[in-house]
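Structure first, commentary second.
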Amino acid sequence: MERSKNDFWVGLFVLIGAVAILFLALQSANLLTLNFQPTYRLTAKFDNVGGLKPKAAVRSAGVVVGRVESITFDDKSFQARVTLAMQSQFGFPKDSSLKILTSGLLGEQYLGVEAGADEKKLVDGDKVSTTQSAVVLENLISQFLFSKAAEPAAPAAAPSAGK
């Protein structure tokens, strides 16, 4: 009887540990977000979203103020439509702008919000019109290489007549 009681408690402890590790793994991979605060929805269109993914952070001044809810393709404007779920406690002016940024050199991408100066605040269902698309590293490298290829070659140094 005593042995089965100990087996039960050890099994329960192992199960709780496994659930905790699963929770931490999902939380660190941004696959699980527990947010019980009310939100409002915004939409914005971008020419290129790069590697932005749903559930990516929306940050202002380094603070997470919302999450990317969905990313779809608008076949009329041929742009990506991004829907954001912003926390209601953070109100931004109507003339605020969005840009896709990267954490570090090759880190994950997130949306940055730059607050404007308008008196009116963004509300549920508003569209943010001022956006800046993602900077794609491959495009930067190709532009650099093409600009270097277009430069004229430097003349070879003439041998000096000396000794």
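The values are calculated or read from the model by the stated rules, or taken from the named source; none is laboratory data. Keep in mind that this is a model prediction, so the values were computed, not measured. Every residue, glycine as well, gets a Cβ built from its backbone with ideal geometry; the counts of neighbours run over all protein chains shown. Side chains are part of the model used for accessible areas, which takes the heavy atoms of the whole protein and leaves out ligands, DNA and RNA. Shrake-Rupley method; radii C 1.70, N 1.55, O 1.52, S 1.80 Å.
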Legend entry - Sole residue being open to solvent by less than 50 Å² (accessible area, probe 1.4 Å), farther than 19 Å from GLN132 by Cβ and either in contact with a Leu (Cβ under 9 Å, 6 or more places away or on another chain) or at pLDDT 90 or above (or both), chosen from SER70, SER77: SER70
Inset, instruction - Look at GLU119 and say whether it is among the charged types (D, E, K, R) and either modelled with pLDDT under 85 or out of contact with any strand residue (DSSP E or B) (no Cβ under 9 Å at 6 or more places or on another chain) (or both). - result: no
Legend entry - Restricting region 99-144 to residues that are touching a residue at least 24 places away in the same chain (Cβ under 8 Å) and among the acidic types (Asp, Glu), the residue that is surrounded by the fewest Cβ atoms within 10 Å (Cβ to Cβ): GLU119
Legend entry - Test for LYS148: is it basic (Lys, Arg) and modelled with pLDDT of 90 or more: no
Inset, instruction - Would you please name the residue that is farthest from ALA80 (Cα to Cα), looking only at residues in region 52-65 that are assigned to a loop (DSSP other than H, G, I, E, B) and open to solvent by less than 40 Å² (accessible area, probe 1.4 Å)? - result: ALA56
Inset, instruction - Would you check if PHE46 is open to solvent by 80 Å² or more (accessible area, probe 1.4 Å) and modelled with pLDDT of 90 or more? - result: no
Legend entry - Any hit, region 89-96, residues being farther than 29 Å from ILE141 by Cα, buried (at least 18 other Cβ atoms within 10 Å of the Cβ) and in contact (Cβ under 8 Å) with a residue 60 or more places away in the chain: no
Inset, instruction - Search region 102-115 for residues being modelled with pLDDT under 90 and in a strand (DSSP E or B), and hand back the single one that is nearest to LEU137 (Cα to Cα). - result: THR102
Legend entry - Condition broken by THR43, with the remaining ones in (1) on the phi > 0 side of the Ramachandran plot; (2) in contact with a strand residue (DSSP E or B) (Cβ under 7 Å, 6 or more places away or on another chain); (3) of a type outside the set (Gly, Ala, Ser) satisfied: (1)
Legend entry - Test result for LEU24, touching a helix residue (DSSP H, G or I) at 6+ places or on another chain (Cβ under 9 Å), open to solvent by 60 Å² or more (accessible area, probe 1.4 Å) and over 23 Å from LEU122 (Cα atoms): no
